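Asks: Starting off with a structure, shown below.
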Amino acid sequence: MWDYSEKVIDHYRNPRNVGKIDNADAIGEAGSLACGDSLKIYLKIKDGIVTDAKFQTFGCGSAVASSSILTEMIIGKSVEEVKKITNKDIADELGGLPPEKMHCSVMGYEALEDALKNFDNYTDLDDLRNEEANNQKKEKIVCTCFGVTENMIWDAIKINGLKTVEEVTNYTKAGGACGRCKGAIQDIINTYYKKEASESTLSPAQKILKINNIIENQVSPELRKDGGDITLVDIQDNKVLVKLRGKCSGCKNSHLTLKAFVETTLRDTVDKNIEVVEV
């Protein structure tokens with residue numbers, strides 16, 4: 001039996017803003033009846049503010065609760081504020097969801113994203129739907145059982161920090177039926193974190209500047225509080241050569257200061273492989 005928060009139970013039993021808005025300014029859809037869950041959200045927008053929101057959903061209690069709380073979250077907010085809402089925000093507002101039900105918050109996020117996509121520029125809702133349908137056809141479908149695209153999986157990983165196929169399944173349903181796409185899901189996870197690692201890698205020049213900045217603005221001020229100080233002498237790959245000054249230079253525990261404070265600070269902020277050496 002899954003453990004639900006009081007808010008989830010309340011919004012399931014007493015859903016807010018259920019229904020349809022005639023002449024809605026934006027309409028978004030996510031999921032499908034074939035997948036077991038579907039959501040349609042209607043927005044009324046005036047002067048850049050969401051003045052009303054309603055939803056129609058077919059799904060479990062978590063899907064109803066996620067849709068209901070989402071409408072409450074967005075009414076009265078600007079379009080720009082609403083665009084920043086993620087599935088994590090929806091789940092957090094509900095007081096959390098079981099891992100197996102996180103896909104319900106993702107469905108709310110996707111429906112909202114669908115509604116607001118190109119909102120600032122659209123003139124005809126039917127034209128917008130046709131354009132989005134064509135774009136979706138171009139997306140690579142990874143999970144054919146639930147119609148989950150590569151972009152949907154990528155976004156779920158990025159927003160929620162997912163690291164395993166099981167987590168991706170909980171958030172998107174991908175891989176939850178026949179399971180034939182699990183290998184492809186793992187490839188997407190590997191590609192995402194490989195890309196993230198390459199983007200976070202500092203060039204030698206950037207690394208030197210960052211180490212120097214941290215020593216001057218974080219390490220040195222702390223040492224000066226006890227009458228000591230530190231000077232950066234050289235950087236040789238991951239080896240950082242420093243000279244301790246003031247009280248630190250004559251302290252018999254200078255080795256502990258370097259390892260416990262200076263080296264730890266640089267490892268936490270720059271590179272876990274850094275070694276600090278006193279010269």
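Asks: What's the number of the condition Asn160 fails, among (1) under 22 Å from Ala63 (Cα atoms); (2) buried (at least 16 other Cβ atoms within 10 Å of the Cβ); (3) modelled with pLDDT of 90 or more?
Replies: The number of the failed condition is (3).
Asks: Which residue out of Asp187, Asp234 is charged (D, E, K, R), under 28 Å from the mean Cα position of the chain (by Cα) and at pLDDT 85 or above? First the steps, then the outcome.
Replies: On the way: Asp234 fails: under 28 Å from the mean Cα position of the chain (by Cα).
None of the other options fit; the residue is Asp187.
Asks: On the basis of being farther than 15 Å from Ser105 by Cα and touching a Phe, Trp or Tyr at 6+ places or on another chain (Cβ under 6 Å), does Lys46 make the cut? Don't jump to the end; show me each part of the working.
Replies: Numbers: farther than 15 Å from Ser105 by Cα: yes; touching a Phe, Trp or Tyr at 6+ places or on another chain (Cβ under 6 Å): no.
No, not satisfied.
Asks: Let me ask something additional. Name, by its number, the condition in (1) crowded, with 21+ Cβ neighbours inside 10 Å; (2) closer than 20 Å to Asp37 by Cα; (3) of a type in the set (A, V, I, L, M, F, W, C); (4) in contact (Cβ under 8 Å) with a residue 24 or more places away in the chain that does not hold for Cys145.
Replies: (1)
Asks: Being farther than 26 Å from Thr149 by Cα and basic (Lys, Arg) narrows it down to one of Lys83, Lys77, so name that one.
Replies: Numbers: Lys83 fails: farther than 26 Å from Thr149 by Cα.
Sole residue among the options that is farther than 26 Å from Thr149 by Cα and basic (Lys, Arg): Lys77.
Quick grid of which residues meet (1) surrounded by 15 or more Cβ atoms within 10 Å (Cβ to Cβ); (2) outside the structural domain of Asp155 (by TED's automatic domain parsing); (3) not small (Gly, Ala, Ser):
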residue: Pro15; (1), (2), (3): yes, yes, yes
residue: Lys20; (1), (2), (3): no, yes, yes
residue: Asn23; (1), (2), (3): no, yes, yes
residue: Ser38; (1), (2), (3): yes, yes, no
residue: Leu43; (1), (2), (3): yes, yes, yes
residue: Asp47; (1), (2), (3): no, yes, yes
residue: Thr71; (1), (2), (3): yes, yes, yes
residue: Asp92; (1), (2), (3): no, yes, yes
residue: Met102; (1), (2), (3): yes, yes, yes
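Asks: Does any residue in segment 217-238 that is more than 13 Å from Val276 (Cβ to Cβ) come within less than 6 Å, Cβ to Cβ, of a residue that is surrounded by 13 or more Cβ atoms within 10 Å (Cβ to Cβ) and of a type in the set (Lys, Arg) six or more places away or on a different chain, and which pairs are these?
Replies: Gly227/Lys247; Gly228/Lys247; Asp229/Arg245
Asks: Within segment 157-168, is even one residue assigned to a loop (DSSP other than H, G, I, E, B) and out of contact with any helix residue (DSSP H, G or I) (no Cβ under 8 Å at 6 or more places or on another chain)?
Replies: The answer is yes; a qualifying residue exists.
Asks: Output the number of the condition that Ala133 fails; it satisfies all remaining conditions of (1) among the small types (Gly, Ala, Ser); (2) at pLDDT 85 or above; (3) assigned to a helix (DSSP H, G or I).
Replies: Of everything listed in (1) among the small types (Gly, Ala, Ser); (2) at pLDDT 85 or above; (3) assigned to a helix (DSSP H, G or I), Ala133 misses just condition (2).
Asks: Give the residues of segment 183-199 that are out of contact with any strand residue (DSSP E or B) (no Cβ under 9 Å at 6 or more places or on another chain) and buried (at least 16 other Cβ atoms within 10 Å of the Cβ), sorted by residue number. Spell out how you get there, then give the answer.
Replies: Initially, segment 183-199 is screened for residues out of contact with any strand residue (DSSP E or B) (no Cβ under 9 Å at 6 or more places or on another chain), giving 183, 186-187, 189-199.
Those that are out of contact with any strand residue (DSSP E or B) (no Cβ under 9 Å at 6 or more places or on another chain) and buried (at least 16 other Cβ atoms within 10 Å of the Cβ): Ile189, Tyr192.
Asks: Which of the numbered conditions does Gly179 fail, given that it passes all the others? Conditions: (1) under 26 Å from the mean Cα position of the chain (by Cα); (2) surrounded by fewer than 13 Cβ atoms within 10 Å (Cβ to Cβ); (3) under 30 Å from Gly147 (Cβ atoms).
Replies: (2)
The values are calculated or read from the model by the stated rules, or taken from the named source; none is laboratory data. Keep in mind that this is a model prediction, so the values were computed, not measured. As a convention, Cβ positions derive from the backbone with ideal geometry for all residues, glycine included, and neighbour counts pool all protein chains shown.
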